[in-house]
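The values are calculated or read from the model by the stated rules, or taken from the named source; none is laboratory data. What you see is a predicted model; the values in this text were computed from it and never measured. Don't worry about glycine lacking a Cβ; one is built from the backbone with ideal geometry, like all the others, and counts go over all protein chains shown. To get the accessible areas, we keep the full protein, side chains included, count just its heavy atoms, and leave off ligands, DNA and RNA. Shrake-Rupley method; radii C 1.70, N 1.55, O 1.52, S 1.80 Å.
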Amino acid sequence: MDPDARKLLKTDWSHLLSILEERTDEMLILAPSLNEKGLVDWARFRAGERPVLERGLPLNSVKRFCFPQPEELFLFSCRPAEPGAFRLQEPARLEKNTVLFGVRPCDARSIELNRLPYEHDPYFNSRLESLMVIGIPCRETCSTCFCTWTGGGPQGTDGMDAAVWEYDEGVVVQLLSEKGEKFFSSLSATLLSREEFESLFASSFGNLSEDVQNPADLMKQKPLLSCYDAPFWQRVADSCINCGVCTFLCPTCYCFDIQDERLGGQGRRIRYWDSCMFPLFTQHASGHNPRGRKVQRVRNRFMHKLKYFPDRFGPLSCVGCGRCIRECPVNIDIREVLRDLLQVPGEESDS
Amino acid sequence: MVSVNKRITEELRAEAGRLLESGEIAAFLGYCRGSLPYAPRPFVARTAKDAERLIWNSFCVINLANYIPGLLQELDSEHGAGDEISGPKVGVVATGCWSRNIVIQIQEQRFTRERVLIIGVSSRGMVDRKRLHSAVDGMEITGIEEEDHIITLMAGGEGIEVPRWNLIRDNCRTCTRPDPVFFDEMIGEPQGERSIAEPFSQVEEIESLTPDERWEWFQQEISSCIRCYACRNACPLCYCSTCFVDDSRPQWVGKSLNATDTALFHILRAFHCAGRCTDCGTCESVCPMGIKMRLLTKKLQKDLLELYDFEPGLDLETPLPLSTYRQDDPDLDIVSEPAEQDGVRPSRKGG
């Protein structure tokens, strides 16, 4: 929990929700909600409804809010010679800012991790600019949670503009960014001193141990080829059906493909989610596929998250949300793969 | 009293171990324990010692027939390819529907009869994961104890006893052939054919709607699809070397989330399974979004039964009706079927 918040406040739950309710016209506010199939997922927050915060993570991660499926890059005319036709056009951009309420620390941190590869990406960054993340720390963890293995923690605030949590007598609001401060400017709340905050925090979360490990540095020291040639990949691939459940539900899988879609005289260039589990991901125009076998594709997904990404950017490309474990049809568990990779013998520095 | 599934587990371990030890088979396809109590993992045993890890319980929802062609390919590369008949052999555990899928695979020349050794097990019905979670009101399930008629779910610190049948999947509830129809050896007792009063009641319910209502049902049902293709990849019938959704020249279907594209995917996927689907229910079991796409193939199964009096995969000899022409095939009046709505008959325009 970030004690370096710009402001620490306490208020009550219904007043906090009324601030959200006031903004539902000017902003798109999304919160976890039960869908028609009884599953928790992101949905438009409606006045009078209480977000579903006690039933674990929403099925879908927050990545689609900065990396939508699909992103329209531009529009084009297929008949530019016709009078009045345009050649290229900017697609309509979001008119409203988006507010995500009830984002768990793992999901919020995923936004920070995705910023690394998308540092210079105008589409990602413009969406991020108009996105406001109100997080909620976790009081308990599920058996599929492992944020503390990936450098995060159940009360982490990375990627949040504000964090809110209930205590016995009300709600604590931590304002963590300028956006957060602005959003809650009309909140009538009592200012908390650092000491008051810390004692409320300790009484609310004190019993949760937060032994954060970050194996990213260990993974960086592992020799690339020994990881690549490790014997366990075939075993993982034996179970895998190469579907896209893990990659599409993963908050930090950010790979895309680009395509033109035409309808009548107009078209759009889109970038859309791709999955390294799919053979088409690496299919060459020549017909050759450097990852033609299932075992190669399975290996790539984990090597990217646990080795290539830390080698290039520092942290693991994983926040330990556990969606891939929970939803994998064949129970492939990234924690086992991480454990196996950490067993790969290191190497004396030869540089 | 040892439960049925525990006895099957013991015998399966012993028999698979013996077959691997004697070299009759090069690998055995079954399930081992997974990292979550409700998710056993499809598993390839390559040694007699591996076979000790095999398990059998009510959570084996993935149709293992799907893995056979890929595993045979792997074995060919591990052991050196033999010919189509004498190449290394795969042993597999198979229930009624799985064994029928193996029959279809042999009929469709995915592999030869000689290369599989089928250990049949009568299915007592497999558990629906969504039913499981709603039985404990979405609480996390930390452990499961299974007896023949009661399943005890550990959730919220207590054991909740649920009648096993209440948790069973829709397809298993309406299954008439739980016993394997095609096998080399059988473990456990057969149950005989079951008579089901209304095997197609779920389909009939939708058939009774107006076309508009049916379309609305379908659109709503698939609205949360994320196009992860788990339903396709888990299906033993889906093996086109390039799936129509992956074709790019010509491109039949858009790649991102669009209601028409998603609808097209689901409709075409179902039609590709017509006359071949054994209602194993894997597509529905693996869907992370809880989409009931199985009802589409169930409808086709009903049509097949009505039109051709045919159930797929019962023996190697009977040809599949939709890939064979017979003079007495039902003459479907598809083109001129009156589709009158509001008294207006849709006209067919040329071009």
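General observations
- Residue within segment A:120-128 that is under 19 Å from the mean Cα position of the chain (by Cα), outside any helix (DSSP H, G or I) and either modelled with pLDDT of 95 or more or in the same structural domain as A:GLU26 (by TED's automatic domain parsing) (or both) present: yes
- Considering segment B:7-44, and only residues there that are more than 9 Å from chain A (Cβ to nearest Cβ) and of a type in the set (Val, Ile, Thr), the residue that is surrounded by the fewest Cβ atoms within 10 Å (Cβ to Cβ) turns out to be B:THR9.
- Restricting segment B:237-254 to residues that are surrounded by 16 or more Cβ atoms within 10 Å (Cβ to Cβ) and without any contact (Cβ under 8 Å) to a residue 24 or more places away in the chain, the residue that is nearest to B:GLY70 (Cα to Cα): B:CYS243
- Failed item in (1) at pLDDT below 95; (2) open to solvent by 20 Å² or more (accessible area, probe 1.4 Å); (3) within 30 Å of A:LEU88 (Cβ to Cβ), with A:ASP274 passing the rest: (1)
- Unmet requirement for B:LYS130, which otherwise passes all of (1) more than 30 Å from B:GLN73 (Cβ to Cβ); (2) of a type in the set (D, E, K, R); (3) assigned to a helix (DSSP H, G or I); (4) modelled with pLDDT of 95 or more: (4)
- Matching residues, segment B:242-256, being in contact with a helix residue (DSSP H, G or I) (Cβ under 9 Å, 6 or more places away or on another chain) and not basic (Lys, Arg): B:THR242, B:CYS243, B:PHE244, B:VAL245, B:ASP246, B:SER248, B:TRP252, B:VAL253, B:GLY254
- Summed over segment A:205-251, the residues that are under 30 Å from A:ARG139 (Cα atoms), open to solvent by 20 Å² or more (accessible area, probe 1.4 Å) and either away from chain B (no Cβ under 14 Å) or at pLDDT below 95 (or both) give a count of 11.
- Taking (1) among the acidic types (Asp, Glu); (2) in the same structural domain as A:LEU131 (by TED's automatic domain parsing); (3) not in a loop (DSSP other than H, G, I, E, B) in turn, A:GLU261 satisfies each apart from (2).
- Scan segment A:321-351 for residues that are within 14 Å of another protein chain (Cβ to nearest Cβ) and either touching a Pro at 6+ places or on another chain (Cβ under 6 Å) or within 29 Å of A:PRO137 (Cβ to Cβ) (or both) and the total you get is 18.
- A:SER317 passes every criterion in (1) under 30 Å from B:LEU75 (Cβ atoms); (2) open to solvent by less than 10 Å² (accessible area, probe 1.4 Å) apart from (1).
- Failed item, numbered, when A:TYR254 is tested on (1) more than 20 Å from the chain's Cα centre (by Cα); (2) buried (at least 16 other Cβ atoms within 10 Å of the Cβ); (3) assigned to a loop (DSSP other than H, G, I, E, B): (1)
- Some residue of segment A:280-291 being polar (S, T, N, Q), outside any loop (DSSP other than H, G, I, E, B) and either in the same structural domain as A:PRO154 (by TED's automatic domain parsing) or open to solvent by 40 Å² or more (accessible area, probe 1.4 Å) (or both): no
- Residues that are in a helix (DSSP H, G or I) and either of a type in the set (S, T, N, Q) or out of contact with any Cys (no Cβ under 8 Å at 6 or more places or on another chain) (or both) within segment B:223-240 comprise just one, B:ASN233.
- Residue within segment A:291-309 that is more than 12 Å from chain B (Cβ to nearest Cβ), touching a Phe, Trp or Tyr at 6+ places or on another chain (Cβ under 6 Å) and touching a residue at least 24 places away in the same chain (Cβ under 8 Å) present: yes
- Test: residue in segment B:186-201 that is closer than 13 Å to B:LYS302 by Cβ and not in a loop (DSSP other than H, G, I, E, B): yes
- Strands (runs of 3 or more DSSP E) enclosed by segment A:1-77 - at least 2 residues per element that are within 20 Å of A:PRO105 (Cα to Cα) and either under 25 Å from the mean Cα position of the chain (by Cα) or without any contact (Cβ under 8 Å) to a residue 40 or more places away in the chain (or both): A:27-34, A:40-44
- Residue in segment A:292-303 that is of a type in the set (A, V, I, L, M, F, W, C), touching a Cys at 6+ places or on another chain (Cβ under 7 Å) and outside any loop (DSSP other than H, G, I, E, B) present: yes
- Scope segment B:71-103; condition in a helix (DSSP H, G or I) and open to solvent by less than 20 Å² (accessible area, probe 1.4 Å); matching residues: B:LEU71, B:LEU72, B:LEU75, B:GLY96, B:TRP98, B:SER99, B:ARG100, B:ASN101, B:ILE102, B:VAL103
Yes/no per residue for (1) more than 25 Å from A:ASP260 (Cβ to Cβ); (2) more than 11 Å from every other protein chain (Cβ to nearest Cβ); (3) in a loop (DSSP other than H, G, I, E, B):
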residue: B:TRP215; (1), (2), (3): yes, yes, no
residue: B:GLU221; (1), (2), (3): yes, no, no
residue: B:THR242; (1), (2), (3): no, no, yes
residue: B:PRO250; (1), (2), (3): no, yes, yes
residue: B:GLY254; (1), (2), (3): no, no, yes
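- Checking each residue in segment B:255-297 for being more than 26 Å from A:GLU71 (Cβ to Cβ), open to solvent by less than 20 Å² (accessible area, probe 1.4 Å) and among the hydroxyl-bearing types (Ser, Thr, Tyr) picks out B:THR278, B:THR282, B:THR297.
- Selection within segment A:138-152: residues that are surrounded by fewer than 23 Cβ atoms within 10 Å (Cβ to Cβ) and closer than 20 Å to A:LEU100 by Cα. The member of this set that is modelled with the highest pLDDT is A:CYS138.
- Picking from residues in segment A:116-137 that are under 22 Å from A:VAL99 (Cα atoms) and free of Cβ contacts under 8 Å to residues at least 24 places away in the same chain, the one that is surrounded by the most Cβ atoms within 10 Å (Cβ to Cβ) is A:ASP121.
- Number of positions in segment B:69-86 that are within 14 Å of another protein chain (Cβ to nearest Cβ) and of a type outside the set (Asp, Glu): 8
- Residue in segment B:61-68 that is within 13 Å of chain A (Cβ to nearest Cβ) and assigned to a strand (DSSP E or B) present: no
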